[in-house]
Amino acid sequence: MIFIVSSSPGEAVLLATLCEQRSWPNHACVSLSDFEKLVEKNDPRAVVVRQRLRDGYSDDILASLKRRNPPTQIKVIVLVPADCSIRQEARHVTLGADCVLRDPVRMEVLLEYLSKYRTGGPSSASPTKISPSTYDFAGVQVVPHEHRLVRMNRSMHVAPQEVELLRQLSRSAGKVVPYPVLYAELFSQRFAGDTANCRVLLGKVTSSFRRLGINLRSFIEVIPKSGYLYRSIPRAAYSPRRKSRRPLVRS
């Protein structure tokens with residue numbers, strides 16, 4: 001499977017067509033968000049990504065692939081503009097890119113790289129199955145494609161919306177995820193000021209984590225009129241302790 005990530009519909013269609021002409025299975029994504037949803041349920045062998053996307057950058061794609069568990073064997077080709085500096089090009093390689101191609105991209109060269117990368121990796125005689133990405137959330141392993149939570153020897157299935165909420169919070173750890181984003185991604189509706197749906201969903205996820213022995217609310221902070229903030233370290237660990245006041249002792 002080849003993933004094509006470009007916010008230019010024309011470029012995405014062109015690359016997908018070239019792959020289809022060679023009978024190469026592929027998925028075309030127009031945004032970082034689309035990519036992250038698809039990669040949780042699929043195991044691409046190669047990714048072609050445009051440096052700048054409408055909701056992020058190729059850096060975000062490379063970071064997302066690094067977070068995969070087990071470690072990724074996915075090959076990444078980054079397409080950069082002609083004026084991209086040598087320093088930026090080298091930085092992509094440092095971040096994990098296997099190949100960086102400048103505009104104008106020579107399609108025959110790109111296709112040769114894809115042909116090489118999509119057949120590379122483990123020998124076909126003893127294929128190694130790579131599980132879709134799992135990740136840690138508040139001390140619990142989230143298995144997105146199975147809608148399952150795992151902690152130690154305990155495992156439980158949860159609703160797809162619970163997994164989606166965890167995904168949204170995990171990808172923005174340390175930052176507030178605003179209500180408009182949560183409602184668009186979780187409920188496919190526009191946020192109108194009523195947070196009831198989010199409160200109910202957060203309650204369900206909290207209950208699921210409680211059954212695994214985790215107090216999720218110590219990791220998630222509700223920011224009034226703004227959204228939710230997830231920290232990978234519980235609040236008790238970074239909240240400053242109040243200094244105790246000792247009574248004055250007069251001599």
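If a residue counts only when it is closer than 28 Å to H145 by Cβ, which strands (runs of 3 or more DSSP E) contained entirely in segment 33-102 have at least 2 such residues?
Filter on segment 33-102 gives 46-50, 75-80.
Contact annotation: residue pairs with Cβ atoms under 8 Å, 6 or more positions apart or on different chains, pairing a residue in segment 93-107 that is farther than 13 Å from P81 by Cα and open to solvent by less than 40 Å² (accessible area, probe 1.4 Å) with a partner that is aromatic (F, W, Y) and not in a strand (DSSP E or B), are C99/Y113. Taken over segment 159-176, the criterion of being buried (at least 18 other Cβ atoms within 10 Å of the Cβ) and over 14 Å from the mean Cα position of the chain (by Cα) is satisfied by E162 alone.
Evaluation of L53 against the conditions (1) open to solvent by 50 Å² or more (accessible area, probe 1.4 Å); (2) of a type outside the set (G, A, S); (3) under 25 Å from L165 (Cβ atoms) shows that the sole unmet condition is (1). If you go through segment 2-32 and keep only what is among the β-branched types (V, I, T) and not in a helix (DSSP H, G or I), you end up with I2, I4, V5, V30. Output the number of residues of segment 1-33 satisfying the condition of being charged (D, E, K, R) and free of Cβ contacts under 8 Å to residues at least 24 places away in the same chain. So the answer is 1. Of all the residues in segment 207-229, those that are in contact with a Ser or Thr (Cβ under 9 Å, 6 or more places away or on another chain), open to solvent by 10 Å² or more (accessible area, probe 1.4 Å) and assigned to a strand (DSSP E or B) number 2.
Of all residue pairs spaced 6 or more apart or on separate chains, those with beta-carbon atoms under 8 Å, a first member in segment 166-184 that is closer than 21 Å to F209 by Cβ and a second member that is in a helix (DSSP H, G or I) and modelled with pLDDT of 90 or more are L166/V205; Q168/L182; V177/L169; L182/L165; L182/C198. When residues in segment 186-206 are screened for being of a type in the set (D, E, K, R) and either buried (at least 16 other Cβ atoms within 10 Å of the Cβ) or not in a helix (DSSP H, G or I) (or both), 2 of them pass.
Restricting attention to segment 37-47, the residues that are modelled with pLDDT of 85 or more and in contact with a helix residue (DSSP H, G or I) (Cβ under 6 Å, 6 or more places away or on another chain) total 2.
The values are calculated or read from the model by the stated rules, or taken from the named source; none is laboratory data. Note that the structure is predicted; figures quoted are calculated from it, not measured. As a convention, Cβ positions derive from the backbone with ideal geometry for all residues, glycine included, and neighbour counts pool all protein chains shown. We work out accessible area using only protein heavy atoms, side chains counted, and drop any ligands, DNA or RNA first. Shrake-Rupley method; radii C 1.70, N 1.55, O 1.52, S 1.80 Å.
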